[in-house]
Every structure is written in structure tokens, then in C-alpha cells.
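Peer 1: Sharing a structure, written as C-alpha cells. Questions coming.
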Amino acid sequence: MVSPDAVRFGAIVERLRLARGWTRKKLSQRAGLTPQYVAIVEQGGNIPSLTTVLELIEVLGGDIAEVMRELMVARNSPAAARPD
């Protein structure tokens, strides 16, 4: 089962990466990950460890507090509500 939080986080990582004009390969080299793993994270196929989350956001020049805030807003939006 795919985690909606993983999908949301992956979309944020991809957005930040593309805003820098980086390829997955460049991000993976800077973050010490494989390009395949970066692709999996961006596609929401894996929930990365806290260490990996922090590394990705730091390398991308993002603000971890803002990323977490964005995730929580998305998680609590009516569109994210689960059917009963």
C-alpha cells in the first residue's frame, strides 16, 4: 500500500529538485544516495528515514519546518479525508 504522506513528501522533493534545475543524478550525488532511490522517494514508493529526509531537504536548500508544515496542511485538508 502506498502511503499518502510518502507521495506528498516525494512531490515536495521533486518540486525542490526541479526548481534548482537538478537531475535526480545530481541530487543523489549531493545527498549520498542512488538515483534509483531518489526516484523511488519522489514517486512515493518509500518512506525515507528521518536522516534521509533531513539530508534531502538540507541539500535542496529547503526549510524542514516549512516542508513539515506543508505536509501537515495537505494531510489535514478535506481532500485527504478517508472515506468512511
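Derivation of every value follows stated rules applied to the coordinates shown; laboratory data play no part. Being a predicted model, the structure only gives us computed values, none of them experimental. All Cβ positions, glycine included, derive from the backbone under ideal geometry; neighbour counts span all protein chains shown.
Peer 1: Restricting to region 1-18, and then to whatever is touching a Gly at 6+ places or on another chain (Cβ under 9 Å) and surrounded by fewer than 14 Cβ atoms within 10 Å (Cβ to Cβ), can you tell me which residue is nearest to residue 68 (Cα to Cα)?
Peer 2: 3
Let's see how each residue does on (1) touching a residue at least 12 places away in the same chain (Cβ under 8 Å); (2) outside any loop (DSSP other than H, G, I, E, B):
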site: 5; (1), (2): yes, yes
site: 9; (1), (2): yes, yes
site: 29; (1), (2): no, yes
site: 33; (1), (2): yes, no
site: 38; (1), (2): yes, yes
site: 58; (1), (2): no, yes
site: 62; (1), (2): yes, no
site: 74; (1), (2): yes, yes
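Peer 1: Additional query: Across region 19-48, what is the total count of residues that are among the small types (Gly, Ala, Ser) and farther than 20 Å from residue 68 by Cβ?
Peer 2: Within region 19-48, residues that are among the small types (Gly, Ala, Ser) and farther than 20 Å from residue 68 by Cβ number 5.
Peer 1: Quick one: in region 26-84, which of the residues that are exposed (fewer than 15 other Cβ atoms within 10 Å of the Cβ) and of a type in the set (Asp, Glu) is farthest from the chain's Cα centre (by Cα)?
Peer 2: 84
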